[in-house]
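Structure first, commentary second.
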Amino acid sequence: MEILKPKDLKEKFKDPWIAPYKKIITMADDNLVEIVEYHPCVSGSHWLINQYKNTSKLILNAYRDGNKQVFLTKVGNEPLNLKASINAAGIEEVAIDENKIKVVHSGLAGAGVGAGMCRGMGEGVEQVEIYNEGGGSKLGKAAVITPKMEKIVIGIDDTDTKEKGATWTMAHNIGLKLQEEGFEYLDHVIVQLYPHNPHKTQNCVSIALTFAVLPEKKESLIKRTIELLKKDTLSDKTAIAILEGLKIPEILIKYSMKAKTGMVSVEEAEKIAKELNIPLIPVTGDQGKIGALAALGIYNNLDEAVKVYY
């Protein structure tokens, strides 16, 4: 086994057939781990997603969004039965060690090159344990070690007025500002709510912003989000809701679906949030609590999030 840091990998492997990953982020919640990887190619990871889902028993869900590939996994160790073209690559171990997460990738030929050498050069990687280098027709196997982060989802609603503004763009710009300040901005999801709501500005959507954050920076992320919203919002009804971790309670999913298909009161949103211990924060008012909380229940189901119920 050879243990290398990203800069060491870049110095050792300067071959034209190695394409460094852009970034790798890992988030933990009890025995679950979400791995976010920014692949070197825009759509090249689609092949990888298919192979990993077919090969790895540890993977619960996987999807691609542009060059971003996301795996939701269990913690554990499951040996792989690799077969060229059919089961060519996968994850065989996921382990949490205090403030680190270790993910062991194995792959044949080019997928084996990606296992350690390509991934190991990415931003966010602390070190790589290379067991087999891979390349050609050989097996590649490596452990990628990254900091253990946590997931924070911030639901936002009611930042505009009938005269001006747009919640989806304001939320995204806040995400970008937080990214500039060192926070890991992962995603922006538009959630369609009940289109016949008489309180709506126009299209009736709320927003979920997702972040990966070190545990000690969670409070500062939330505080800074509130500060930016107070400065920029045009509405006196703006509110946010905060979901921590990788799990979405079934009660929250049902609430979100109710907000998509009919009217919900502020009092009901407050009751559900209290029951689930979800912070529901009025930034400038209470009306936005309804949509802010609703954004959290289906932020990870993109097809459902955008669906309109007449």
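Would you say Tyr38 is within 23 Å of Leu186 (Cβ to Cβ) and buried (at least 17 other Cβ atoms within 10 Å of the Cβ)?
In short, yes.
Inspect region 136-154 for any residue being over 20 Å from the mean Cα position of the chain (by Cα), outside any strand (DSSP E or B) and crowded, with 21+ Cβ neighbours inside 10 Å and give the result as yes or no.
Initial filter on region 136-154 (over 20 Å from the mean Cα position of the chain (by Cα)): 136-143.
Checking the rest, the ones that are also outside any strand (DSSP E or B) come to 136-137.
Applying the additional criterion that residues be crowded, with 21+ Cβ neighbours inside 10 Å yields none.
Scanning region 136-154, I find no residue that is over 20 Å from the mean Cα position of the chain (by Cα), outside any strand (DSSP E or B) and crowded, with 21+ Cβ neighbours inside 10 Å, so the answer is no.
Provide a single number: the residues in region 65-86 that are farther than 25 Å from Ile96 by Cβ and of a type in the set (Lys, Arg).
Matching residues across region 65-86 total 1.
If you go through region 4-35 one residue at a time, how many are in a strand (DSSP E or B) and either touching a helix residue (DSSP H, G or I) at 6+ places or on another chain (Cβ under 8 Å) or not assigned by TED's automatic domain parsing to the domain that holds Val75 (or both)? First the steps, then the outcome.
Quick first cut of region 4-35, residues in a strand (DSSP E or B) only: 4, 23-29, 32-35.
From the residues that got through so far, the ones that are either touching a helix residue (DSSP H, G or I) at 6+ places or on another chain (Cβ under 8 Å) or not assigned by TED's automatic domain parsing to the domain that holds Val75 (or both) too are 4, 24.
Of the residues in that region, 2 qualify.
Quickly run through region 190-216 and pick out the residues that are under 12 Å from Leu178 (Cα atoms) and not aromatic (Phe, Trp, Tyr). Walk me through it before giving the result.
Step one: filter region 190-216 for residues under 12 Å from Leu178 (Cα atoms), giving 209-213.
Those that are under 12 Å from Leu178 (Cα atoms) and not aromatic (Phe, Trp, Tyr): Leu209, Thr210, Ala212, Val213.
Among the candidates Leu221, Leu252, single out the residue that is under 23 Å from Trp168 (Cα atoms), surrounded by 15 or more Cβ atoms within 10 Å (Cβ to Cβ) and in contact (Cβ under 8 Å) with a residue 60 or more places away in the chain.
Leu221
Give the residue that is surrounded by the fewest Cβ atoms within 10 Å (Cβ to Cβ), with candidates limited to residues of region 41-70 that are in contact with an Asp or Glu (Cβ under 8 Å, 6 or more places away or on another chain) and assigned to a loop (DSSP other than H, G, I, E, B).
Among residues in region 41-70 that are in contact with an Asp or Glu (Cβ under 8 Å, 6 or more places away or on another chain) and assigned to a loop (DSSP other than H, G, I, E, B), the one surrounded by the fewest Cβ atoms within 10 Å (Cβ to Cβ) is Lys57.
What is the number of the single condition among (1) surrounded by fewer than 22 Cβ atoms within 10 Å (Cβ to Cβ); (2) touching a helix residue (DSSP H, G or I) at 6+ places or on another chain (Cβ under 7 Å) that Ala95 does not meet?
Among (1) surrounded by fewer than 22 Cβ atoms within 10 Å (Cβ to Cβ); (2) touching a helix residue (DSSP H, G or I) at 6+ places or on another chain (Cβ under 7 Å), the lone unmet condition for Ala95 is (2).
Give the residues of region 272-299 that are in a loop (DSSP other than H, G, I, E, B), touching a residue at least 40 places away in the same chain (Cβ under 8 Å) and of a type in the set (Val, Ile, Thr), sorted by residue number. Before you say what the answer is, go through the steps one by one.
Residues of region 272-299 that are in a loop (DSSP other than H, G, I, E, B), as a first pass: 277-279, 283-288, 298-299.
Now drop any that are not touching a residue at least 40 places away in the same chain (Cβ under 8 Å), which leaves 279, 283-288, 298-299.
Of everything in region 272-299, those that are in a loop (DSSP other than H, G, I, E, B), touching a residue at least 40 places away in the same chain (Cβ under 8 Å) and of a type in the set (Val, Ile, Thr) turn out to be Val283, Thr284, Ile298.
Return yes when Ala269 is more than 26 Å from Leu60 (Cα to Cα) and part of a helix (DSSP H, G or I) and no when it is not.
yes
The values are calculated or read from the model by the stated rules, or taken from the named source; none is laboratory data. Just so it is clear, the model here is predicted, and its values are computed rather than measured. All Cβ positions, even for glycine, are placed from backbone atoms using ideal geometry, and neighbour counts span all protein chains on display.
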